[in-house]
Amino acid sequence: MSETLLSILCGEDFWYWDSNNANTITFNKNGTGELVCRHELNIWIAAEFEWKSQRMESLDQVVDISTIGGTRTDPHHISQFDIDLTLAKRRIPRMRGPETQRWRINESLLTDDAFLPKKYTVTLEKGNFLTPYDAKVPGDDQYTPRFALRLEFDRSPYPSRHEWKEPGGAPDAMKMWEWKGFCGRELPELKIQGHTWQKNCVVYPKSEMSSTTSNDADQLKVIIIGAGIGGLALAQILNSAPGIQIACYERYKAIDDRVVGFRVMLSGTTLTMLKRKLKSETWADLAFGIGEQPEGGEKIEFFKGNGDKMFTWDSDPTKDQFSVSRWHLREALVKEASFLRTGLAFERYEVLPDGGGVRAYFSDGSTDDCDLLVGADGPTSNVRKQLIPKARIKDLGMAVIYFKVPLTERTSKLLGSPGRSMHTIDSEDSYIMLGAGSPYGNFHNRRCFPNELTRSELQAEVLERTSQPGIDPRFRELAEMVCLDTAYVNIVRKSEAVRPWTSPSVTLLGDSVFNMSNTLSRGANCAIVDAVSLADRISSPAYKRERRQPTALDEYVKENIKRRTIERERSSMMQKIMFSGQNTLSGFVRNKVLPSSLKKIDDLDREEHQAVNWIASDGEGSVDSKEDEPKWVEELKWDEMFEERHGNEMG
C-alpha cells in the first residue's frame, strides 16, 4: 500500500507520546494542528499551532507502507522532511467553553518565546512501536498498544525549559522538552516474539532473570513482591545500601494502579523520614507532589445530610497531614528503578534447605533465589497465604464510590467552606474528592456487583442518593459535575489480624500484613513506616550477623503488628462514625457522641505533633466534655451489626 507523506502525516487523528492518549500532536492539511500536554485533570498545554513544510513538494512523495507492522527487529526509515511550526495562543476547540476559560494553560504558563516560529527535522519510520512513555516501563508488554508508525523530531515540539514561566513544578518533574517521539496508526493485537527494540524499551536478558544467589557471604539479596508504595519505598531505600541486591516484582505490566490519580495523606514525620532515607534526586521528584497545607494545617469537617455543619476536626494528628499526589509519589519511586521487574506474577515460594535462602516461583515458569523474600503485594497477598495460611479476609458487604470534581470557584462555593489547597503545582490542579458509600443492599442499581457498574451507572447511583429528601441539593450539583473517567469503587474488606510469625527469610509489610479501613487515609503512611522500619533492620550490622537465626526479624514483626493494630483500630472507629447504621437512632447517637469519639481516635495516635487544640465545635454540645459515653453507645459496632444481619457466611 502506498500513500503520500502528507496523507500519512495528516491522516492520523492523533500522534501519541503515551498510550493513555494524554499527550498528543495532530497535523491538519490546512496548515493548522494541535499540541496537548496533560495528565488526568492537570492540563498545561492545549494549543493550536500553524505549520508548513519548508519544501511542500517533499510531502507529495509517495512511500510504500505495505510491510507495516510485523515482527521486525528494528525500525525501517521511510522519509525525512523539514517543517516550520509556530505555537499559537488559541486554545484547541474543545477547550474553549465557558467552564475552561478559567484554566491557566498555554500563554498563562509559557513565555512569549514559546510562541515564536521554530524549525524541525522530522523522521518518519515504520515498524512495530511502543509509545515512548510505555517504552520506559520494563517488563512484559504483550498487552500494551503498539503502533505501526513513528514520528521522530530532532528536538521536542513542546516548549523548552526556559520557555516556561515557572518550570520548577510539573515541567521539571515531567521534562516534556525531552519528548521527541510520537506514534500513530495502532496495530491490531500482535505479540512480538523475542526482544523488542533497544531504542524503544528496556530489555532484560535472560541471565538477569536467572535464579542465582551471590556466593559472597556478605552480599544480601532481597526480593520484594509488589510494586505498591510500600514495596517501592523499601526497594529505593535498600537500593542505595551497600552489600544489598534488590529485585522488585510486579504482576502488572503498568506500574500505576486504579487510584494513581488520587492522593494519599502522609504525616510530617513520615515525610521527614523519607527525605532522610531516599536519595536526594528521588526526594526532589517526590517533593513536587506534596500539596501546600491550608493555613493552620489540615482539617476534617462534618456535615449533616441537609448541609448543616456539625464539627471541624483539627486535632494535632489531623493538622499534621500533608496531601501528596499518588502519581508523583510513584513516579519518583520508580525513577531509575533498575531493580523493577514488571509483568511477572508471583505464585509461591520454597524455603531452600541448609539456610540456602528462598526460591520464588513466577507465572512464566521462571524462578529467582534470594536471602530474604518480602511480601508487599497487598491484602490478597500470595506471600501471606503461604506464610500465614490461616489468615482470612472478610468482605464487609460495603462499597464506596469515588469521583473527582474539578475545584473551581463554582464548586468551591458549593462546599460552603474556604477553598482547600490540595494541589501539585498550581491551584487549577486541585480537585474535590466526592465519595458515597453504603452496603451492597442499598445500591439502587443491582444489575451487577458494584465494582462492575459502568462509570455512567456509578454517577447515576450517586445522583440518585443525593436526590433523596433531606439531602442538601448542593451535593447533587457536585455529583452532576464529576469527571467520569476518574471513577473508582472501593470494595471494603477486612483482613483478620495476625499473630507474630517467625521466619528469618520471609516477611511482610503494608496491607500484606493486614489492611485497615481507608477512612483515615492511613494505609500509605503506615506502609511507608513499615518500609523504613524494615530497611533499618535489614541494613543494620546486627542483622547481617543474625540473619540466619530464626528470630532475626522478630522485633520488626512485633513492632509492625503493634503499629498496624493501633492504626487499624483508629480507622475502624472512624468507619463506625461514618457508617453508624441504617436507622434514625444510630445517626442520632453518632452525632451526639461525635466529639468524644474523635478524641478517642486522637488519643490512640502514636506520632508526635505540635500541641494545638484537638477539635473546634460548629454545632451544639460541649466538645471539652470529659463525660464517658454510656455502654449502649459503645456497643453500636458496625462489624457486629453486619454479622447480625448477614451471619458469618462471607468470612
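Observations
- Top-ranked residue of region 440-455 - restricted to ones that are outside any helix (DSSP H, G or I) and touching a strand residue (DSSP E or B) at 6+ places or on another chain (Cβ under 9 Å), ranked as farthest from N20 (Cα to Cα): F443
Yes/no per residue for (1) outside any strand (DSSP E or B); (2) under 24 Å from the mean Cα position of the chain (by Cα):
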residue	(1), (2)
A436	no, yes
E457	yes, yes
E464	yes, no
G470	yes, no
E477	yes, no
R493	no, yes
V498	yes, no
N515	yes, yes
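- Condition met for T367 (modelled with pLDDT of 85 or more and out of contact with any Gly (no Cβ under 7 Å at 6 or more places or on another chain)): yes
- Pairs, first under 17 Å from G356 (Cα atoms) in region 538-549, second not basic (K, R) and not in a loop (DSSP other than H, G, I, E, B), C-beta under 8 Å, six or more apart: K544/L220; R547/L220; R547/L372
Each row is one residue, and each column tells you yes or no for (1) within 24 Å of the chain's Cα centre (by Cα); (2) modelled with pLDDT of 65 or more; (3) assigned to a helix (DSSP H, G or I).
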position	(1), (2), (3)
T519	yes, no, yes
I561	no, yes, yes
R564	yes, yes, yes
R568	yes, yes, yes
I601	no, yes, yes
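- Scanning region 1-51 for residues that are at pLDDT below 90, small (G, A, S) and in a loop (DSSP other than H, G, I, E, B) gives S19, A22.
- Among the residues making up region 532-555, those that are modelled with pLDDT of 90 or more and among the aliphatic types (A, V, I, L, M) are V532, L534, A535, I538, A552, L553.
- Inclusion of S533 among residues that are touching a residue at least 24 places away in the same chain (Cβ under 8 Å) and among the small types (G, A, S) is warranted.
- The one condition in (1) at pLDDT below 90; (2) among the β-branched types (V, I, T); (3) in contact with a Gly (Cβ under 9 Å, 6 or more places away or on another chain) that V374 fails to fulfil: (1)
- Members of region 322-339 found to be crowded, with 20+ Cβ neighbours inside 10 Å and assigned to a loop (DSSP other than H, G, I, E, B), listed by number: A337, F339
- In region 551-573, the residues that are within 17 Å of A376 (Cα to Cα) and touching a residue at least 12 places away in the same chain (Cβ under 8 Å) reach residues that are of a type outside the set (S, T, Y) and in a helix (DSSP H, G or I) with C-beta atoms within less than 7 angstrom, at least six apart or across chains, in these pairs: L553/R537; Y556/L534; Y556/R537; N560/D530; R563/C526; R563/V529; R564/C526.
- Within region 166-177, residues that are over 16 Å from L286 (Cα atoms) have Cβ atoms under 9 Å from residues that are aliphatic (A, V, I, L, M) in these pairs: E166/L109; E166/I425; M176/I45; M176/A170, counting only partners at least 6 apart in sequence or on another chain.
- Extreme residue, nearest to the chain's Cα centre (by Cα), among residues of region 144-180 that are among the charged types (D, E, K, R) and assigned to a loop (DSSP other than H, G, I, E, B): K175
The values are calculated or read from the model by the stated rules, or taken from the named source; none is laboratory data. Note that this is a predicted model, so its numbers are computed, not measured. Cβ atoms come from the backbone with ideal geometry, glycine included; neighbour counts cover every protein chain shown.
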